[in-house]
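Student: Structure in structure tokens, see below.
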Amino acid sequence: MNDMRHPDWSLWRSFEAVMQTGSLTAAAKKLDLSQPTIGRHIDALESTLGVTLFDRQLRGLTPTETAFRLQAPIEAANRALAEAESGRRRLEQARARHGAPYRLGP
């Protein structure tokens, strides 16, 4: 984690995957992580934010109202980060092909 106010984005990616798949196990498969890692990410996120995101039951998790409120903004942020990463990769590929430094902006 970066600090107590700004959770690491890996925690948010785990949150998004649990929201999309409905389970820690399916989220772990989606992100190629272990189920205990996803569980630790969710616990850390809840601890950092000071809220309960999922109600735990014998057979899985149920998102809380807070989780549903966070879902859309987190999905949008994760899409924006993925687009930025894609742009960075394209820039690196262009640099490798042309051997010249590329700059963004003026």
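Student: Using Cα springs under 10 Å in a Gaussian network model of the chain, which residue among ALA76, ALA26, ALA96 shows the largest mean-square fluctuation?
Tutor: ALA96
Student: How far is helix 65-98 tilted off the main Cα axis of the chain, in degrees rounded to 10, range 0 to 90?
Tutor: The answer is roughly 20 degrees.
Student: Another question, if that's okay. So how far apart, in nm, are the two label points at GLU85 and GLU65 if each is 7 Å from Cα heading toward Cβ?
Tutor: Roughly 3.3 nm, to one decimal.
Student: Taking the 0 to 90 degree range and rounding to the nearest ten, how far is the long axis of helix 9-21 tilted relative to the main principal axis of the chain, both from C-alpha atoms?
Tutor: 60 degrees
Student: A further question follows. If you take the C-alpha gyration tensor of the chain, multiply each eigenvalue by 5 and take the square root, what semi-axes do you get, largest first, in whole Å?
Tutor: Working: eigenvalues 220, 45, 29 Å².
Values for the chain, descending: 33, 15, 12 Å.
Student: Calculated from DSSP H runs of 4 or more alone, at -39500 (n - 2.57) each and per residue, what is the 222 nm mean residue ellipticity of the chain, nearest 500?
Tutor: That comes out to -22500 deg cm²/dmol.
Student: Next question, about the same structure. In the Gaussian network model of the chain, springs joining C-alpha atoms below 10 Å, which of ARG88, ARG40, ARG79 carries the largest mean-square fluctuation?
Tutor: Of ARG88, ARG40, ARG79, the Gaussian network model singles out ARG88 as fluctuating most.
No lab work stands behind these numbers, since they all come straight from the coordinates. Keep in mind it's a predicted model, so treat the numbers as computed, not measured. Neighbour counts are summed over all protein chains in view; Cβ atoms, including those assigned to glycine, are modelled from backbone coordinates with ideal geometry.
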